[in-house]
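Note sheet for the following structure.
Each value in this text was obtained by applying a stated rule to the coordinates, not by laboratory testing. Please read these numbers as outputs of a predicted model, since none were measured by experiment. Virtual Cβ from ideal backbone geometry, glycine too; neighbours counted across all protein chains shown.
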Amino acid sequence: MMERKGEQAMFKFWNWVKCEENTLRIDGIIAEESWWGDEVTPKQFKSELSLRSGDITVWINSPGGDVFAGAQIYTMLKEHDGNITVKVDGLAASAASVIAMAGDSVEMSPSAMLMIHNPATMVFGETGDFEGAIAMLNEVKESIINVYELKTGMSRLKISNMMDAETWLSAKRAVEMGFADKMLYKPEQADEQVDFAFNSFMFDKRTVVASLANKLTKKKTPEPASQSNDDEYKQLSKRLELIK
């Protein structure tokens, strides 16, 4: 969204729905203008959020973006004085998945996806610059794990492995693993028995690549002869002996 104020143009990745005062929509890349000096973006978000009180519904469809802007928005929503309901209607990936974890209730459309992965950056310089960047990324990852751990209750090691592999979760799988609380539009069934192993979906690039590599390199071993084949061979041998 672009908002014009006098001669100044400001790009926003959120939009308060006018007909629903406390409904917030987060669309597109988070803080996409931050590299061009738009550091005020999270501050403006906070100023707008402070004008609203009570319960808030946050709709998310975003591939992510600036990790620090995402962290700030997550904290702002957690500090809000009302109940936060997050609804993912398309995608909550990367930094957007961090924001989604701020919800007291996280709900996903049946067609929505959630993705978590390691933080990334661009570095130019000498050895010390790269070493510093690696140390910084490791600490950023720890801060992101804090958020996922609080929501899901999973171990830090398991979350770290999922981030390493860039993991994509369907709505059902996200609910199963604790990243979401419910799937939208699904009839409530008190005693529903669901086998998530067969009815949910999780994809990670590392597992798929490893599986493909294994299939390409796996050598076929000859199958052992069956007992019936062995018996037939013996009977045929006996008949040939009789002919001689």
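General observations
- With 25 Å as the limit on Cα-Cα distance, the pairs of LYS87/LYS151; LYS43/LYS141; LYS141/LYS186; LYS78/LYS182; LYS43/LYS186 that go past it are LYS141/LYS186; LYS43/LYS186.
- Note, ³J(HN,Hα) from phi for region 156-169, Karplus 6.51, -1.76, 1.60, rounded to Hz, x at Gly and Pro: 5, 5, 5, 5, 4, 5, 5, 5, 4, 8, 6, 9, 10, 10
- Label-point separation, ASP81 to ASP55 (7 Å along Cα→Cβ), nm: 1.8
- The local environment of HIS80, defined by Cβ-Cβ distances under 13 Å, has a net charge of -2 under the rule Lys, Arg +1 and Asp, Glu -1.
- Extension gain from ALA133 to ASN22, taking 0.36 nm per residue of separation minus the Cα-Cα distance: 36.1 nm
- For ALA112, distant residues with modelled amide H under 5 Å away: ALA171
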